[in-house]
Amino acid sequence: MRPIPSQRISESALKVWRITGALQSLFYLVIPIGYYFIHNIFLWPASLLWLFIAVFIAITIVKTFVIPLLRWRRWRYEVYENEVDLQFGLIIVRRVLIPMIRVQHVDTRQGPLLRKYRLATVTITTAATVHQIPALSEERAANLRDRISKLATEAEEDV
Amino acid sequence: MSKGKRLHPVAIFLLFLSALKELIVPIIAAFIFGRGAASWDFPFTAYFVIGGFLFLFLYGYLKWLTFTYNISDEELKIKQGIFIKKQRFIRKERIYSIDITAGVLQRLFQLVAVKIETAGGGNEPEVLLKAVTKKEALMIREQLLKDKVKVETETVDSDDVAIDNAVQDEQRETKWELSNKELLLTAITSSGVGLAFMAVLALFTQLEGWIPDEFIVDTFGYLFHSSLVLIIVLILIIFLVSWIISIVGTVLKYGQFTIVKKGDELEITRGILERRQLTLSLERITAIRVVESVLRQPFGLVSIYVESAGGGSKDEQLSTVLFPIVLKRNLNESLKQIAPDFVFDQTVESLPRKARVRYVIRKLVPAVVLTGIITYFIPYGYVATLLIPIAILYGNLQFKDGGIGRNKGYLWMSYRTVSKTLVVIPKQRVQAFEARQSIIQQIRSLYTIQTSILYSITGKSFNLVDVSKKQKEDLLSWYSYEETKE
């Protein structure tokens, strides 16, 4: 049995994911608001309005508290000399192997929210695929990027 | 050497035509909508049309005048543009494939078009030389594909319609040809029949409106007392017609199919009306697919496709046909000639037995839902319950045909969508390997594996659903480049 990768991503990722989760769940507010107007104009039952509000609150809680935590717990990565090993995914657990000799380039990315918490995402690109390790602390991301890039250039075709 | 070459002057005409083709929609629109707006006098319209044609012709001429190409030792230089001058330098080692085609127009003038593709090209071919002589085309290919430019005086018989491979090389040449018998088999078992059937059916329903009703009644009315017989006969006729169309189409497409192998290069030539030639480097092949379509499987026939980085034409879903048809038991023999790297005993380890239930359920659920809906809404809808056993059989079949195998350097997976497919991927072509498990798969501890390869300019991935934990672990360590293996 292949061991699970050892490295976790930054704990600050939780904060960022909670904020984005909360913002995303605002979108679902459209349903109760929309229904509120229908309820007023066409006099549809008010009980449904309360149901929609309850559903909205439930979604918000799940998206803000439950999902980020579960996702954070699942996320593992490990960079070996010859390959990168990733494990992630909430409902579908994914395990990805990317050999160093296939890596074309590595970069770090940072949106405004990530920058606020001094985090960055490492993106690994092969000829056919793109992989991300989200929300690492800035210096760790930079180190990882440089390390993968160095290993990728050193890796040789041994087949 | 320093001066660039122009295309054959016929290119002016071809450029003019393609410019016209692009404008055809606005022109038609102008005719339809412009009519009512203003009553133009006849001469004015005529001048307008003639002026437009002259303008387009001038455009074609200028385009031809400004387009030059030049092959030096390291690169292909293209200069083009009427107002904005564009220069493009393509290094020889970046060139993936050179496709020589002769469309109907080109053939009228005994010319060919040369398409040169490089990595990262986008949808448009990198360079399209619209009209050059056959001799020139062969020379271009020779110069671009050889690292050291050999100045050779070639003998090209230009009278034959086919693009002759008169360029003899010192390297060993192997040839694979599709015999007439095989061509016929390919055509008869072509799955294009379904597509043609739809087209003919659509046409037929259109036609019905044109034929007067009395005619139909008169001719058929007394022949068939029951309308059901009429319908069945009609469908049979439509089926036959579409079958013939599909046969003719396939014969035209794959007629005179030949592969010539010179060293590492494969030259695939095919087509009767339109000759297409594709040059493919063996090193660029990222995977081969052995496809057994439903119509071909009973006869033990398979077709082989290659996935390659770059090249390939759109109508083949960016994969190139290597062998349109070959007997499954002769497959290794043919491969040995053309792509010897892919020859080996492809024993397939089947999926774990507990996966069967999931394969069947996946087909059963939509079938049951569909049956329910049909039974509820349509009279005699309960006939649809026939779907359920079909779904069960289909799921079982998909399970049975799923499997994986590997040796040191290769991985192969077999699966069925409709056709049964076996894909063979060299390990060094796999860009990334993924094993995943959904919550439902967790119950039976099954996994889905996914291999991604480079294909054309982007990636493509092959999935195999529901492999066992052991198979997954086995493949992870097979793919791992760390020393942990064994």
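The values are calculated or read from the model by the stated rules, or taken from the named source; none is laboratory data. For clarity, every value in this text was computed on a predicted model and none was experimentally measured. We place every Cβ from the backbone using ideal geometry, glycine too, and count neighbours over all the protein chains shown.
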**Prompt:** Is there a residue in region A:1-14 that is loosely packed, with under 14 Cβ neighbours inside 10 Å, more than 30 Å from A:LEU114 (Cβ to Cβ) and either over 19 Å from the mean Cα position of the chain (by Cα) or free of Cβ contacts under 8 Å to residues at least 24 places away in the same chain (or both)?
**Reply:** yes
task: Inspect all residues belonging to region A:108-121 and state whether any of them is within 13 Å of the chain's Cα centre (by Cα), surrounded by fewer than 16 Cβ atoms within 10 Å (Cβ to Cβ), under 30 Å from B:GLN442 (Cβ atoms) and not assigned by TED's automatic domain parsing to the domain that holds A:LEU23.
output: no
Within region B:79-116, restricting to residues that are at pLDDT below 75 and assigned to a strand (DSSP E or B), the one that is farthest from B:GLU267 (Cα to Cα) is B:TYR96
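Here's the yes/no breakdown for (1) more than 8 Å from chain A (Cβ to nearest Cβ); (2) in a loop (DSSP other than H, G, I, E, B); (3) at pLDDT 90 or above:
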site: B:PHE399; (1), (2), (3): yes, no, yes
site: B:ILE404; (1), (2), (3): yes, no, yes
site: B:TRP412; (1), (2), (3): yes, no, yes
site: B:GLN428; (1), (2), (3): no, no, no
site: B:PHE433; (1), (2), (3): no, no, yes
site: B:ARG436; (1), (2), (3): no, no, yes
site: B:GLN450; (1), (2), (3): yes, no, yes
site: B:GLY459; (1), (2), (3): no, no, no
site: B:VAL465; (1), (2), (3): yes, no, yes
Considering region B:438-448, residues that are more than 10 Å from every other protein chain (Cβ to nearest Cβ) and in contact with a strand residue (DSSP E or B) (Cβ under 9 Å, 6 or more places away or on another chain), and then whichever is farthest from B:SER468 (Cα to Cα), we arrive at B:ARG444
Within region A:24-76, the count of residues that are in contact with a helix residue (DSSP H, G or I) (Cβ under 9 Å, 6 or more places away or on another chain) and touching a residue at least 40 places away in the same chain (Cβ under 8 Å) comes to 9
Given (1) more than 10 Å from chain A (Cβ to nearest Cβ); (2) touching a Gly at 6+ places or on another chain (Cβ under 8 Å), B:ILE378 misses just (2)
Scanning region B:414-426 residue by residue, those more than 24 Å from B:ARG356 (Cβ to Cβ) and more than 10 Å from chain A (Cβ to nearest Cβ) turn out to be B:VAL424, B:ILE425
Inspect all residues belonging to region B:237-250 and state whether any of them is within 19 Å of the chain's Cα centre (by Cα), under 30 Å from B:ASN330 (Cα atoms) and modelled with pLDDT under 85.
no
Counting only strands (runs of 3 or more DSSP E) wholly inside region A:44-159, the ones holding at least 2 residues that are modelled with pLDDT under 90, more than 9 Å from chain B (Cβ to nearest Cβ) and farther than 30 Å from A:MET1 by Cβ are A:103-109
Restricting region B:273-306 to residues that are under 20 Å from B:VAL326 (Cα atoms) and among the β-branched types (Val, Ile, Thr), the one surrounded by the fewest Cβ atoms within 10 Å (Cβ to Cβ) turns out to be B:VAL294
Quick count over region B:117-133, residues being buried (at least 22 other Cβ atoms within 10 Å of the Cβ) and either modelled with pLDDT under 80 or outside any strand (DSSP E or B) (or both), is 1
| query | Just to be sure, is B:LEU454 out of contact with any Gly (no Cβ under 6 Å at 6 or more places or on another chain), more than 13 Å from every other protein chain (Cβ to nearest Cβ) and in a strand (DSSP E or B)? | reply | no
